[in-house]
1. Taking neighbour Cβ counts within 10 Å as the exposure measure, how do SER52, SER104 sort from fewest upward?
2. Working from Cα positions, state the angle (0 to 90°, nearest 10) between the long axis of helix 6-34 and the longest principal axis of the chain.
3. Given the options ASN147, LEU86, LEU163, identify the residue whose Cα lies farthest towards the positive end of the charge dipole of the chain (+1 on Cβ of Lys, Arg; -1 on Cβ of Asp, Glu).
4. Taking 0.36 nm per residue of separation and subtracting the Cα-Cα distance, what length does fully extending SER60 through ALA13 add?
5. Mind putting a number on the dipole of the chain about its Cα centre? Charges go on the C-beta only, +1 for Lys and Arg and -1 for Asp and Glu, and I need it in Debye to the nearest 20.
6. In what order do THR159, THR176 fall by count of nearby beta-carbon atoms within 10 Å, going from fewest to most?
7. Rounded to a whole number of µm²/s, how large is the Stokes-Einstein D of segment 6-182 at 10 °C and 1.306 mPa s, given Rh as the Kirkwood radius over C-alpha pairs?
8. Note down the nm distance, to one decimal, between modelled labels 7 Å out along Cα→Cβ at VAL6 and at LYS145.
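Just so it is clear, none of the values below were taken in a lab; they were calculated from the coordinates. This structure is a prediction, so every number in the text was calculated from the model and none was measured. In this analysis, Cβ positions are derived from the backbone assuming ideal geometry, glycine residues included, and neighbour counts consider all displayed protein chains.
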Amino acid sequence: MNSWSVWRVARTATSVFILMIASYYLLVAFDNITDPTNPNASNWPFVQGVLSGDGVPPDSGFEWRFITATWVQALAYIGVIAGETLTGIILLIAGVQGLRRARSCPEWGRAQRWTYLGGILGLAVFFLGFMVIGGNWFIMYLNSKWNGMEPAFQNAVMTTLMLLLVTGVLVGGHLTKEHDESSAGGR
């Protein structure tokens, strides 16, 4: 087998992309931890505003859903940071393992368990947390001050594309002769 086959290059490039996504999640978590009160670099004012309904029209009919208890808002904020941090760490592991195992299709495939775990966790933060719960339960889409639907959508799409890319490279590598050769020990 050619040591730099198209699938080995695809696995390497995909692993680098996973590392880029990991760095994004870690940087967002870092900003939330190190500067929590900055409305331009943190989600704390955002989480407070969304949960309390600050910016939602007073006649929306959804006032009963809003949470003004600071301790609940703080727990939600900590949950966001924990989800972002864990996602970043898991994807960092996935990317490093992917680079280390890019030579072998089966080995690289086993390393991608980390990518799927991190990707699902990232979708739990941005799709479930921000879009479903924040966007629809707390009516963020009506919020004139704290509408994060667009960034949440971008993050969910970025994470989904990473999962689709990994899946495509896994399927492509398994469907080629390369998979059979590397499984049989050929190089």
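1. The most exposed by this proxy come first: SER52, SER104.
2. Helix 6-34 sits at roughly 30 degrees to that axis.
3. The Cα lying farthest towards the positive end belongs to LEU163.
4. In short, 12.2 nm is gained.
5. 840 debye
6. Result, fewest neighbours first: THR176, THR159.
7. 92 µm²/s
8. 5.5 nm
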